[in-house]
Amino acid sequence: MNTQKIMAVLAVGLLAAWPASGAEMDAKQVTIAAKALGFVTPKAPAGAKVVVTPGAAPVAAVQSALSAASVAAGDAGGAAGAFAVFVASADEAKKANGKGTVTVGNDVACVDAGACVIAVETTPKVTIYVSKAAASAAGVDFDPNFKMMITEK
Amino acid sequence: MKMAMIMPSRLILAAATSMALAQGAMAQSMDYGSLQDLFGEPVTTSATGKPQRASEVPATMTIVTADEITKSGARTLPDVLNRVVGIDVLQWSSTGTDVGVRGYNQGGNPRLLVLVNGRQVYQDFYGITLWSSIPVQMSEIRQIEVVKGPQSALFGFNAVSGVINIVTYNPLYDNAGAADISFGTQNFREINAFKTLKFGNWGGVRVSAGGWTADPFDSSRTPLTNRFYDKDGQRRTASLDSLFQVNPDTQVGFETTWARQSEFALIPSGGLGMGSYTTYSFKGNVKANTGIGLLEGTIYHSNLKTNGHYTTSSSQINTDTTIAQVQDLIKLTDRLTSRVAGEFRENKIDSWPVKGITTGYRNYALSTMFDWQASADISLTAAVRWDHTALLHTGPRPYPFSEADYDRSFDNISYNGGIVWRVTPQDSLLLSTGRGVGAPNLIELSNSSVSKPPPGQLIISGNPNINPSITTSYEVGWRHAIDSINGFGRFSVSHQKTKDLRFINLASAKLINGYPTFLLGDNLGSSKAWNLEAELQGRVEAFRWNLSWMWMDTNDDIKIANVLIGQNFEKSNARNTVKANLGWDSGPWSTDLSLRWQSTTYRYLEIQAGKTLVEIKPGLMAQASVGYQVTPDLRLSLSGADLLRNETQLSSAPKAERRVWATASYKL
């Protein structure tokens, strides 16, 4: 086995062992995700609780984008009763899942895994991904027009 | 001319304060503002019936935004549309206009479907659009969607050359209002206002009223035109629209409108006409989010009364149109969306001058649409519609025809297909085709015979045996996003062919059951045309611009001398049209310049001595506007049209004078 093949095997091994989490959402992703949350039904009450787990998104950006909500940093396991939880991994999403809680992933892979309800991409254009299984498990739905303009998985 | 919309400041404020989590009611009706805010571009349902981003529709579409309308300074819909590539505006007088898409424009253009929030507002008596009677104020328009090419499979009759859908602010979702006052040359004076009033998250209404008056042009007056120029052009409109959230999954809406206009314009044969028109409408709508999709039912009725004076005649018309529509829009799978719809339409026209005879038709239609996202880069759309049309006639025998002639029905199939291939993140290829149906209008079908005419007497009558005009179109388009200019380039080639063109034939009498007859509707040939469209648009710092060119090559195959029907599309379709729009914004100031150049065309003008072919060589034309935002709520602007000369030959009607007007707009 030559050096290149060894490096490739090591790289694959490292990727497989790495926790399934993406980079922290940037401000634009947070803004788009916050706007997407406006299409969730049932609607969030005023002052709804929103939790941001470490590495998921800048808390200040989430608070800025969701000015009507009560945003706080916290652990996924302690997000009971929250309207939305911004998570950094599928494992966190699974801990946060509960009735009425919308999990917002920082990576589309979290939606692909059926763990996060929603994830967004902003480049090259705004694209919104929703896991039907996760949404159903959370007991939430989305505006019917919105659903026709997004990618459901 | 695709434009990123900038919402009025009050709407931005409203959006910011409500911010995402409290976005409003469950939206069975599409919340254009919130979806546009989310995706960063205008959204529409006008291409397929399905909500889509403007950049993803399988049709050549331009969306003119509220911001563009405001900055253009335009006080009429045709003045706004004149900026769009592929749109041709015929300015007959200070207020009378006709609008065409990709050529084939004429006096009383019957080839365009115009909608306000999905409600058809063209007038069935001749399939024409009375632009001044459309009951919306410029400030209450969220966006104007222009779809080019036949769209009958989605929208039905009259969607032959294209569809223009005017979308207003929504009474349930939008907090908007404005009062405008304008004064200008031709003694133009206008006042109007609109306001949305919301009742929490469960209901809202939008009220709107306004009008303008303008003197006719003084140019090129003759004793003949003076007969028509004695009256001012006038417009008065009022409307009330409402939407209520009756439960989390159901919305109910009601709308009523009224409008009156009088204006000078040319009629289809090229003759002069001064008409007054009064319309009213009622509409009810229910939308429900169900387990089988987004169900919608709509029923509306509209009435039109006209009083027209022409070169050698006059007329009074009363028409009634009732339309009932149902549709289901459902996302069948993650990649497949379908729309199934049914429509009933009844159109009737009363006889004149003797009452008691009604002519018209009942139409029954079924349609379906499939939109399939085949892969991340390829989407396909297919739509088909079947129309069954049965004529109706009540009253005495319709000489020279018999009741049997009106005991007729005919069927038509229309379709649309489109493929969008996103070749790269910046490039997309569009292939599309469409078959549109131009149904016979009520005048073409009407008959007012009240007794048996003497043998051999010349009769003028509508024609129950007339066929619909069928337009087929094929188009290939390429669009390239250019990030360095925050814009795009676009190029398209299309071919359209219309068979069974319909004309008023008052020159070549046909012998029908022993009576020589002039037919108000006669199939007299076909026409085909190639179109090229190229467009480049950008926005760099404070500058926004759009440059476009349309080339058109037309070939008519008409079975009668052009002069007899007053139409010659080979001569009236402009071979080249170039448009350039340039805007510059700085602080409270906005400026807007729209230039147009069109190659020489020829149109018929009917005068008492007969028809004459008028050369129309307008040269370079300009619209411009300068606006100043005095306060967040108050905007002042000075605007003008046809600015480069005192008088410009814009059509076969007398020359158009320069128009200048000042507007004060206050947000409510």
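The values are calculated or read from the model by the stated rules, or taken from the named source; none is laboratory data. This structure is a prediction, so every number in the text was calculated from the model and none was measured. Every residue, glycine among them, receives a Cβ derived from its backbone with ideal geometry; neighbour counts consider all protein chains shown. These accessible areas exclude ligands, DNA and RNA; they are computed on the full protein's heavy atoms, side chains included. Shrake-Rupley method; radii C 1.70, N 1.55, O 1.52, S 1.80 Å.
Highest average first, the peptides B:487-495, A:78-86 ordered by how many other beta carbon atoms sit within 10 Å of their residues are A:78-86, B:487-495.
Neighbouring Cβ atoms from other chains, within 10 Å of the Cβ of residues in A:63-69, number 4 on average.
If the segment from B:Glu346 to B:His301 were pulled out straight at 0.36 nm per residue, it would be longer than the present Cα-Cα gap by 15.3 nm. The angle between the Cα long axis of helix A:27-37 and the longest principal axis of the Cα atoms of chain A comes to about 50 degrees, rounded to the nearest 10. Bridgeable lysines around B:Lys71 (alpha carbons under 18 Å apart, same-chain partners fewer than 8 residues away excluded): B:Lys2, B:Lys579, B:Lys667.
What does the average come to when, for each residue of peptide B:33-43, you count the partner chain Cβ atoms lying within 10 Å of its Cβ? Can you show the working numbers first?
Working: counts 0, 6, 6, 0, 4, 13, 9, 5, 2, 0, 2.
Mean shielding count: 4.
Give the peptides B:159-165, B:29-35, A:136-142, B:615-621 in descending order of average Cβ contacts within 10 Å, highest first. Mind dumping the intermediate values first?
Values: B:159-165: 28.3, B:29-35: 23.6, A:136-142: 18.6, B:615-621: 16.0.
Descending mean neighbour count gives B:159-165, B:29-35, A:136-142, B:615-621.
When each of the peptides B:606-612, B:90-96, B:427-433 is scored by the mean number of other C-beta atoms lying within 10 Å of its residues, the order from highest to lowest reads B:90-96, B:427-433, B:606-612. Projection of the Cα convex hull of the range B:122-180, averaged over all directions and equal to a quarter of that hull's surface, yields 5.2 nm². Only helices enter this figure: runs of n ≥ 4 DSSP H residues, each worth -39500 (n - 2.57), summed and divided by the residues of chain B, yield -2000 deg cm²/dmol at 222 nm to the nearest 500. Under conditions of 25 °C and 0.890 mPa s, the range A:20-152 yields 176 µm² s⁻¹ as its translational diffusion coefficient, taking Rh as the Kirkwood radius over Cα pairs in the Stokes-Einstein equation. Which angle from 0 to 90°, rounded to the nearest 10, does the C-alpha axis of helix A:3-17 make with the longest principal axis of chain A? Approximately 30 degrees, to the nearest ten.
Which angle from 0 to 90°, rounded to the nearest 10, does the C-alpha axis of helix B:9-18 make with the longest principal axis of chain B? Taking Cα atoms only, the helix is inclined about 60 degrees.
In the full protein context, the protein assembly as shown carries 37 Å² of accessible surface per residue, based on a 1.4 Å probe and ignoring ligands, DNA and RNA.
The mean number of Cβ atoms from other chains found within 10 Å of a Cβ in peptide B:329-338 is 2, as a whole number.
What accessible area, summed over both chains, is buried at the A-B interface (1.4 Å probe, Å², nearest 100)? Mind showing how you got there, number by number?
Numbers: alone 8090 and 24970 Å², together 30350 Å².
Summed over both sides, the interface buries about 2700 Å².
The lysines whose alpha-carbon is closer than 21 Å to the alpha-carbon of A:Lys95, local same-chain residues fewer than 8 away aside, are A:Lys49, A:Lys132, A:Lys153. Return P(r) of chain B (all Cα-Cα pairs; 10 Å bins starting at 0; whole %; ordered from short to long distances). Bin by bin from 0 Å, the calculated values are 3, 16, 27, 28, 18, 6, 1, 0.
Entry for the range A:17-83 at q = 0.11, 0.13, 0.25 Å⁻¹: log10 I(q)/I(0) = -0.26, -0.36, -1.21, Debye formula applied to identical alpha-carbon scatterers, no solvent contribution.
Of the Cα atoms belonging to the range B:289-431, the radius of gyration and Dmax stand at 21.9, 65 Å.
By the compact-protein rule of thumb, 2.2 N^0.38 Å, the alpha-carbon radius of gyration of the protein assembly as shown corresponds to a ratio of 1.01.
Note on B:Lys305: lysines with a C-alpha under 18 Å away, same-chain residues under 8 apart excluded, are B:Lys348, B:Lys355. Split the accessible area of the protein assembly as shown by element, probe 1.4 Å, and carbon with sulfur accounts for 60%. Normalised by the number of residues in chain B, the mean separation of alpha-carbon contacts (under 8 Å, six or more apart) gives a relative contact order of 12 percent.
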